[in-house]
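The values are calculated or read from the model by the stated rules, or taken from the named source; none is laboratory data. Every value quoted in this text rests on a predicted model; they were computed, and no experiment measured them. Quick reminder, even Gly has a Cβ in these numbers, built from the backbone with ideal geometry, and neighbours come from all protein chains shown. For the accessible areas, the whole protein counts, side chains as well, though only heavy atoms, and no ligand, DNA or RNA atoms are used. Shrake-Rupley method; radii C 1.70, N 1.55, O 1.52, S 1.80 Å.
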Amino acid sequence: MKSPENMNEPEELGIPTEPARSAIVMLLARFRIYLTSIAMLVVAVMMAVAIYRLTSEVRYDEVVTALKDTSWRAIGLAVLFTALSFAALIYYDMNALDYIGRRLPAVPVAVTAFSAYAIGNTAGFGALSGGAIRFRAYSRLGLSPEDIARVIAFVTFAFGLGLLAVSAMAALVTAPRLAAITGMEPDWLRAGAVVVLAALALLLFVGRNGRRVEIAGIRLRLPDTLTSSRQFLITAFDLAVSATTLYVLLPETNIGWPSFFAIYAAAIGLGVLSHVPAGLGVFEAVILGALGGSVSVDALLGSIVLYRMIYHVLPLTIAIVSIVFSEARALARHPMAGEIATVATRISPPLLSAFALMLGTMLIFSSVTPTPDGDLDIVSQFLPLPIVEGAHFLSSLLGLALVIASRGLAQRLDGAWWVALVSASLAFAFSFMRALALGEATFLGLFVVALAANGRRFRRPASLFNQVLSLPWIMAMLVILAGAATILFLVYRDVDYSHQLWWQFEFFGEAPRGLRALLGVTILSLAVAIFSLLRPAFHHPEPLDAADLEKAIAILDQSDNADANLVRMGDKRVMFSDSGKSFIMFAIQGRSWIALGDPVGDPSERAEMIWRFVERSRGAGGRAVFYQVSPALLSFCADAGLRAFKLGEMAIVDLVHFDLKGGRLAGLRQALNKGRRDGMEFEIIETEEVMRVMPDLRRVSDGWLAHHNTREKGFSLGVFEEGYVASLPVAVLRKEGQIVAFATIFRTATLKEGSVDLMRFSPDAPRGAMDFLFVSLLEYLKNAGYSTFNLGMAPLSGMSKREVAPVWDRIGGTLFEHGERFYNFKGLRAFKSKFHPHWQPRYMAVSGGTGVVLALMDVTLLISGGVRGVVGK
């Protein structure tokens with residue numbers, strides 16, 4: 001937060017960047033989330049129309065018959081191949097961890113990987129993406145954000161490159177058969193496959209054994225040949241067995257497995273690229289379009305439905321069951337249950353969220369499909385028609401309630417937990433009233449049990465209805481709605497529409513019942529979407545007043561964080577916890593709500609404070625940013641959906657073992673002795689005496705600013721304002737009785753940590769004055785009983801130079817090595833290294849996909865006092 005300088009640079013600067021991208025690209029980056037969400041909805045609607053046209057000759061009864069005709073042997077084989085596929089997916093993470101050189105317990109890694117793929121396959125956006133799950137779980141297991149980013153990058157590239165390679169190889173082998181299915185020329189298919197394989201081979205050759213490769217301006221190092229070969233085999237095996245899962249469910253067909261595999265790989269790839277949750281509609285459209293002429297479409301649809309149930313729903317259900325068992329007291333002493341529990345705390349909320357999303361979708365889709373006549377016969381003997389009609393209609397609305405509550409479950413909201421519990425319980429009862437849907441009731445019952453077993457995970461007292469439903473969630477809801485409409489029109493395509501359908505109430509009047517359910521869900525969905533999009537943002541919080549400042553000072557005085565004294569400046573806003581024992585200090589720049597450091601106060605309130613700050617910033621249409629946070633905060637930030645990026649390293653001196661005797665600190669001892677010989681005197685001026693020397697301090701400060709042609713900064717640095725300086729003790733350096741240098745001291749009543757903020761030297765201060773001042777101050781604080789001294793952060797220091805370092809680390813490392821024209825990065829690190837400190841990493845945690853660059857720009861503007869401060873020092 002502050003740094004002793006070499007007197008040739010300003011106190012703190014943001015990381016400089018050159019405008020390498022055009023204004024159009026920056027504009028697209030800023031609105032990427034909106035463009036992606038709209039494109040996702042457009043693609044989903046297009047695929048829905050395509051499916052409707054491709055199934056023009058299909059009737060719902062024929063699809064049901066095809067489902068019933070599927071043999072148990074085929075279903076058993078599909079389950080087996082699904083298990084093999086997920087075993088391969090787990091090995092993606094194992095191989096990634098081996099590649100980055102980190103070893104973790106096998107069981108938690110397997111649970112994390114299995115859950116990440118189960119959730120990602122079902123939803124795959126926002127907090128329900130595989131990357132978000134890994135950040136939550138692996139941070140709990142001790143991985144740094146850089147390591148987690150490497151794991152995510154490895155599995156992403158491994159799947160993408162493996163999919164390309166395997167698809168090209170399959171297309172090359174089966175070109176004639178694929179040409180007959182798709183209508184393309186075999187030679188064109190072979191040529192495309194050869195080009196893809198040649199490009200991948202060239203990439204592997206150029207990047208063999210860790211050599212650097214540049215793709216689209218991004219420099220990266222590929223794994224060694226052994227790791228690449230092993231991962232390719234894993235990816236090929238995964239794709240082969242997942243394709244076989246669907247293949248064994250198909251009816252008798254003359255399409256060989258190699259040709260089917262090529263089509264399946266293309267469907268998977270297009271589904272991923274569409275960003276539609278679970279590739280819903282995209283995967284189906286590609287399979288139907290490619291195989292519809294060779295396989296009975298009704299049987300093909302039935303096979304796809306079974307495939308979705310086995311490959312998507314079953315793994316998520318197994319993950320939920322494993323979490324429930326890990327919570328059971330009877331298994332609490334079992335070693336494996338204990339290992340699962342190490343990550344269950346982090347992944348159970350997103351697991352339940354994804355399960356709620358799936359169940360809500362299931363209820364909505366179920367409301368627009370017919371009930372078997374046999375079930376209706378039984379129901380009609382016990383329940384009157386109004387009860388059946390009401391149960392059917394309300395089940396669809398409860399499905400939407402589960403979809404909406406799923407977002408709150410991912411955020412651990414107690415309100416979302418209650419909404420999901422009540423909705424699932426009612427839907428469980430209604431499933432017997434409207435259709436005797438035993439399968440549906442089983443899933444709902446399991447969900448209710450899982451919610452009850454994990455109730456203690458949802459204790460965040462936030463109102464579900466005060467949450468703004470983000471655009472990706474709104475689009476996901478509309479995609480589900482488009483899917484329900486497609487199913488309704490597909491099922492009842494033979495029913496002629498008339499206005500009388502809305503008012504027909506009969507036990508066997510399925511079309512009117514589905515039509516009313518769809519209308520109810522549509523109206524409620526649009527109401528929720530409009531409420532979320534048009535709801536006015538919260539007002540910005542008021543500036544800090546005297547009473548709140550006094551309250552914050554009382555809290556920080558009992559904390560171990562000396563840097564929290566920056567709240568005394570009064571230039572930041574403060575958010576207190578409900579108990580009044582903690583606070584976050586922050587400032588607003590543009591759309592960024594920038595919190596400075598870790599929450600101050602009671603450590604047990606950190607997680608809740610982070611959640612509240614993130615929600616408050618989002619409610620105001622802002623972007624949550626945590627600037628210069630410690631590693632202890634990263635797991636909580638991951639839970640709140642924030643991504644962490646390393647800023648540099650904080651230098652912490654152990655005062656308990658700080659001793660000038662011996663050879664290790666001989667240079668500092670010599671600087672202290674030389675200063676004494678030159679007549680320099682060190683003195684601590686307590687707060688009540690500071691005003692007495694304020695004119696001398698002002699003279700030194702003005703001379704320092706003029707000599708270096710710089711201006712005051714702010715936010716993470718103090719400014720010379722008399723009220724602020726007088727609130728802190730000051731260390732001064734005198735030469736012949738005149739103050740020639742000073743530093744304001746940060747300290748708290750706990751005596752845990754001491755630090756400094758403002759450091760100003762007269763132009764005529766003797767050489768070595770900085771070393772003399774710091775050594776004297778460290779000795780003073782050591783004798784006063786302080787444990788550590790915070791020398792401040794060295795920006796961009798400690799960035800990874802490993803071959804698998806993420807792009808952000810490589811950019812930071814390059815600036816550290818070659819950015820001396822902007823900032824004395826190396827000199828600052830070298831000065832602090834003289835004190836032999838312990839280096840602790842510091843991070844910036846940001847919400848939003850494009851947040852890091854924009855947030856860093858806002859931080860720079862905030863510290864420098866605007867564009868003028870950045871340009872004019």
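The table below lists the values:
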item	result
Burial order of peptide ranges 411-418, 386-393 (average beta-carbon count within 10 Å, highest first)	411-418, 386-393
Sparsely packed trypsin sites (Lys or Arg not before Pro) within the stretch 608-652, loop by DSSP, other Cβ within 10 Å at most 16	none
Computed over the stretch 389-432: relative contact order in percent, which uses C-alpha pairs under 8 Å that are six or more apart	47 percent
Segments 744-750, 135-141, 353-359, 452-458 sorted - mean Cβ within 10 Å per residue, highest first	353-359, 135-141, 744-750, 452-458
Probe 1.4 Å - accessible area at VAL45, Å² to nearest ten	70 Å²
Environment charge at GLY390 (Cβ cut-off 13 Å; Lys +1, Arg +1, Asp -1, Glu -1)	+2
For the stretch 423-429, 3J(HN,Hα) per residue [Karplus equation, 6.51 cos²θ - 1.76 cosθ + 1.60, θ = phi - 60°, Hz, x = Gly/Pro]	4, 5, 5, 5, 5, 4, 5
Among THR70, ALA106, ALA116 the positive-end extreme of the charge dipole of the stretch 46-120 (Cβ point charges)	ALA106
Kirkwood Rh and Cα Rg combined as Rg over Rh, evaluated for the stretch 414-517	1.06
13 Å beta-carbon shell around PHE159, net charge (K/R +1, D/E -1)	-2
Long pairs among LYS572/LYS834; LYS713/LYS832; LYS646/LYS735, criterion Cα-Cα beyond 30 Å	LYS572/LYS834; LYS646/LYS735
Carbon plus sulfur fraction of accessible area for the stretch 490-640, probe 1.4 Å, in percent	58 percent
Gain on full stretching of the segment that runs from GLU688 to SER833 - 0.36 nm per residue minus C-alpha separation	48.8 nm
Amide H within-cut-off set for ASP602, under 5 Å, with H built and near neighbours excluded	SER582
Residue-span extension gain [LEU197 to ALA83] - 0.36 nm each, minus C-alpha spacing	38.1 nm
J(HN,Hα) series, the stretch 645-652, from Karplus relation 6.51 cos²θ - 1.76 cosθ + 1.60, nearest Hz, glycine and proline x	10, 6, 9, x, 9, 8, 9, 10
Net charge, ALA632 excluded, C-beta distance under 9 Å - Lys, Arg +1, Asp, Glu -1	0
Positive dipole terminus of the stretch 613-732, leading residue within GLY703, PRO729, ALA632 (C-beta point charges)	ALA632
Selection from TRP418, ALA441, HIS392 lying farthest towards where the dipole of the stretch 388-480 points positive, charges on Cβ	TRP418
Sequence of ARG591, ARG606 from largest to smallest accessible area, 1.4 Å probe	ARG591, ARG606
Debye log10 I(q)/I(0) for the stretch 247-317, one point scatterer per Cα, at q = 0.20 Å⁻¹	-0.85
Cα centroid separation, the stretch 31-95 to the stretch 625-682 (Å)	54 Å
